[in-house]
1. Once phi is turned into ³J(HN,Hα) by the Karplus curve 6.51 cos²θ - 1.76 cosθ + 1.60 with θ = phi - 60°, what whole-Hz value does each residue of segment 89-105 show in order, with x for glycine and proline?
2. Taking R0 as 41 Å, what FRET efficiency do you get between S150 and A178 from their Cβ-Cβ distance, rounded to the nearest 0.05?
3. With each pseudo-label sitting 7 Å past Cα toward Cβ, what's the E61-R130 distance in nm, one decimal?
4. Please give the calculated 222 nm ellipticity per residue for the chain, where each DSSP H segment of at least 4 residues contributes -39500 (n - 2.57) and the sum is spread over every residue; nearest 500 deg cm²/dmol?
5. Which percentage, to the nearest 5, of the DSSP beta bridges contained in the chain is antiparallel?
6. Order 172-178, 73-79, 59-65 from most to least packed using the mean count of other Cβ atoms within 10 Å.
7. Based on the alpha-carbon gyration tensor of segment 60-144, what equivalent-ellipsoid semi-axes (square roots of 5 times the eigenvalues) come out, in whole Å, largest first?
8. Kindly rank 142-149, 41-48 from highest to lowest mean number of other beta carbons found within 10 Å of each residue.
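Bear in mind that the values in this text are calculations on the coordinates, not laboratory data. All of these numbers come straight from a predicted model, not from anything done at the bench. Methodologically, a virtual Cβ is constructed for each residue, glycine included, from the backbone with ideal geometry; neighbour enumeration extends over all protein chains shown.
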Amino acid sequence: MRQCGACGASPRGGRPYRHHQHHGAGAAGGISQGRQLAAAQALGAEGIWCGTIWLGTRESELAPYEKAALFQARAEDAVQRKSMTGKPVRLLQSRWTEAWDAPDAPPVLPPPLQGLLYRDARARIDRGQRQDFYSYPAGQVVGTMTAERSVRDVMRELIDDYADALERLAARRDAAMAGVAV
Ligand SMILES: Cc1cc2nc3c(=O)[nH]c(=O)nc-3n(C[C@H](O)[C@H](O)[C@H](O)COP(=O)(O)O)c2cc1C
């Protein structure tokens with residue numbers, strides 16, 4: 001699996017995981033390209049699950065100021081912190097996460113208390129459209145998102161890239177088989 005950023009993009013370690021013994025395996029985390037679907041299939045996955053890439057689409061429910069924050073973010077800005085809910089969540093770092101990272105900051109409250117604390121702050125952040133304090137759950141693929149696109153365009157690009165990857169692999173397979181046959 002491709003990794004973007006300093007550490008693995010996948011909350012599940014980039015490996016296909018099994019939902020259930022009788023169901024197929026799916027791959028999730030850090031997926032934004034069709035070639036990753038081909039790679040996941042090669043590893044035994046039957047499908048992929050994408051989260052972050054939909055946040056910046058025209059159909060996403062996020063407000064324009066939230067999308068702007070996502071488009072400006074780099075892969076390294078998607079950090080794992082407890083300061084949103086009390087549990088580790090990969091999210092956009094901001095002045096909110098930095099304040100909780102400060103050496104003199106109080107300890108993060110256990111869930112659900114930190115989430116309740118954050119909810120009030122979030123309402124004020126939204127009211128003021130404060131991009132500098134804005135955090136949102138997002139994976140490291142956020143670093144590849146630069147402008148609003150339609151779901152249709154994102155899907156088309158995924159499918160095209162998947163088809164290209166399969167063609168490259170088929171050519172490699174044919175070359176390998178020809179080498180074996182000689
Ligand atoms: C809006 C949003 C909310 C999420 N909420 C959670 C969550 O509550 N718990 C969790 O473990 N992961 C959460 N995730 C992480 C997803 O599990 C992760 O995005 C998914 O594996 C797909 O990876 P990707 O975003 O790199 O495509 C969230 C992701 C997004 C985009």
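1. For segment 89-105, the Karplus-derived couplings read 9, 7, 8, 6, 6, 7, 5, 5, 5, 4, 4, 6, 7, 4, x, 8, 6 Hz, x marking Gly and Pro.
2. E(calc), rounded to 0.05, equals 0.45.
3. 2.4
4. Calculated mean residue ellipticity at 222 nm is -13000 deg cm²/dmol.
5. Roughly 60 percent of the DSSP beta bridges within the chain come out antiparallel.
6. 73-79, 59-65, 172-178
7. Semi-axes (√(5λ), whole Å): 20, 15, 11.
8. Listed from highest to lowest mean packing, they are 142-149, 41-48.
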